[in-house]
1. Taking segment 97-108 as the search range and keeping residues that are among the hydrophobic types (A, V, I, L, M, F, W, C) and in contact with a Phe, Trp or Tyr (Cβ under 9 Å, 6 or more places away or on another chain), which one is surrounded by the most Cβ atoms within 10 Å (Cβ to Cβ)?
2. Being surrounded by 22 or more Cβ atoms within 10 Å (Cβ to Cβ), under 11 Å from the mean Cα position of the chain (by Cα) and among the aliphatic types (A, V, I, L, M) is true for just one of Val47, Val26. Which residue is that?
3. Which one is surrounded by the most Cβ atoms within 10 Å (Cβ to Cβ) among residues in segment 181-210 that are part of a loop (DSSP other than H, G, I, E, B) and under 20 Å from the mean Cα position of the chain (by Cα)?
4. Of the residues Gly83, Gly154, which is within 27 Å of Ser170 (Cβ to Cβ), out of contact with any Ser or Thr (no Cβ under 7 Å at 6 or more places or on another chain) and surrounded by fewer than 17 Cβ atoms within 10 Å (Cβ to Cβ)?
5. When residues of segment 211-231 are filtered for being surrounded by fewer than 17 Cβ atoms within 10 Å (Cβ to Cβ) and not aliphatic (A, V, I, L, M), how many remain?
6. Can you name the residue in segment 4-36 that is among the charged types (D, E, K, R) and touching a residue at least 24 places away in the same chain (Cβ under 8 Å) and, of all such residues, is nearest to Leu209 (Cα to Cα)?
7. From the list Ala111, Ala66, which residue is hydrophobic (A, V, I, L, M, F, W, C), without any contact (Cβ under 8 Å) to a residue 60 or more places away in the chain and surrounded by 21 or more Cβ atoms within 10 Å (Cβ to Cβ)?
Amino acid sequence: MFDPAPAHSRGLFVTATDTEVGKTFVAGAILAALTARGENAAPFKPVVTGIDEPVPDHPADHELLAAAAGAADPERVTPYRFGPAVSPHLAAEEHGTPIDPGVLVVAARNAGAQADALIVEGVGGLLVPLRDTYLVRDFAVMLGLPLVIAARPGLGTINHTLLTIEAARSVGLQVCAVVMTPWPEHPTAMQRSNLETIEHLGEVEVATLGRAEHTTPAALARVGQALPLDRWLA
Ligand SMILES: Nc1ncnc2c1ncn2[C@@H]1O[C@H](COP(=O)(O)OP(=O)(O)OP(=O)(O)O)[C@@H](O)[C@H]1O
Ligand SMILES: [Mg+2]
């Protein structure tokens, strides 16, 4: 039986409007900023796919998140790792290892057990299936953490972000903030207008994350420290 208690009393669930938007950069920046100021923040990612197709100079998500949090063991960050870069439900099916929601929740609790805060990176967007009809959104509901939504600054982001906010709130998920990433040093009038429009129509806080020059903890902490983490994690 599922125990509805939150996975951690302090934490954030980082989702995005789409795949390849910036969830790992946002979660990594949050972890690195917390770690740099002496907090013990633990990363978690339910499923990592595509480990057979590494991108040069770009660590896999669980490796980047572990490094951002200091000493965390990458193996502890995620219970499921699959080779092909396809949707998690398909990767799991092809591997013959269906994703078990109970395993995910226990692994998330264990990952955060010794930590002051649990920072979870989702997979793709909220309506990505993990298994059959069990979606990333269902996993977020099980964890009970407030959402941070990574969003692109450019054209198309208003619709994608408002859809994501609606999908979250329709099942009672709390949206803590939207983070536009990577936010340029000199945003265009359209990018600034996108931010204000999402704030207004989504009735939501919109923060920005600057471009990290590297995926090193120091580079991530540098951009992450500008986020209002104390308030978000209060
Ligand atoms: N703050 C940032 N600094 C630098 N690059 C960024 C930033 N935000 C997003 N990017 C760019 O967006 C790309 C995708 O980012 P990221 O890997 O974090 O996305 P994701 O949502 O985690 O993707 P996936 O769905 O595969 O997990 C990066 O490779 C990088 O080019
Ligand atoms: Mg990622």
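1. Keep residues of segment 97-108 that are among the hydrophobic types (A, V, I, L, M, F, W, C), which gives 99, 103-108.
Subsequent filtering for residues that are in contact with a Phe, Trp or Tyr (Cβ under 9 Å, 6 or more places away or on another chain) retains 99, 103-105, 107-108.
On the way: Ile99: 24, Val103: 12, Leu104: 24, Val105: 18, Ala107: 20, Ala108: 26.
Top of the filtered list is Ala108.
2. Working: Val47 fails: under 11 Å from the mean Cα position of the chain (by Cα).
Criteria check complete, one pass: Val26.
3. Taking segment 181-210 as the starting set, the residues that turn out to be part of a loop (DSSP other than H, G, I, E, B) are 184-188, 203-205.
From what is left, the residues that are under 20 Å from the mean Cα position of the chain (by Cα) are 204-205.
Numbers: Val204: 18, Glu205: 16.
Of everything passing the filter in segment 181-210, Val204 is surrounded by the most Cβ atoms within 10 Å (Cβ to Cβ).
4. Values: Gly83 fails: within 27 Å of Ser170 (Cβ to Cβ).
Testing whether each residue is within 27 Å of Ser170 (Cβ to Cβ), out of contact with any Ser or Thr (no Cβ under 7 Å at 6 or more places or on another chain) and surrounded by fewer than 17 Cβ atoms within 10 Å (Cβ to Cβ) leaves just Gly154.
5. Summing the residues that are surrounded by fewer than 17 Cβ atoms within 10 Å (Cβ to Cβ) and not aliphatic (A, V, I, L, M) in segment 211-231 gives 8.
6. Within segment 4-36, the subset among the charged types (D, E, K, R) is 10, 18, 20, 23.
Narrowing further to those that are touching a residue at least 24 places away in the same chain (Cβ under 8 Å): 10, 18, 23.
Details: Arg10: 21, Asp18: 17, Lys23: 11 Å.
Taking the candidates together, the pick is Lys23.
7. Details: Ala111 fails: without any contact (Cβ under 8 Å) to a residue 60 or more places away in the chain.
Answer to the check: Ala66.
So that you can scan it fast, the table gives a plain yes or no per residue for (1) touching a Lys or Arg at 6+ places or on another chain (Cβ under 6 Å); (2) within 16 Å of ligand 1 (Cβ to nearest atom); (3) in a loop (DSSP other than H, G, I, E, B); (4) of a type in the set (Lys, Arg):
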{"site": "Val86", "(1), (2), (3), (4)": "no, yes, yes, no"}
{"site": "Ala91", "(1), (2), (3), (4)": "no, yes, no, no"}
{"site": "Ala108", "(1), (2), (3), (4)": "no, no, no, no"}
{"site": "Leu130", "(1), (2), (3), (4)": "no, yes, no, no"}
{"site": "Ala140", "(1), (2), (3), (4)": "no, yes, no, no"}
{"site": "Val148", "(1), (2), (3), (4)": "no, yes, no, no"}
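No value in this document is a laboratory result; all are computed from the given coordinates. The structure presented is a predicted model; accordingly, all values stated were derived computationally and were not measured. Please note: Cβ atoms are built from the backbone with ideal geometry, for glycine as well, and neighbour counts cover all protein chains shown.
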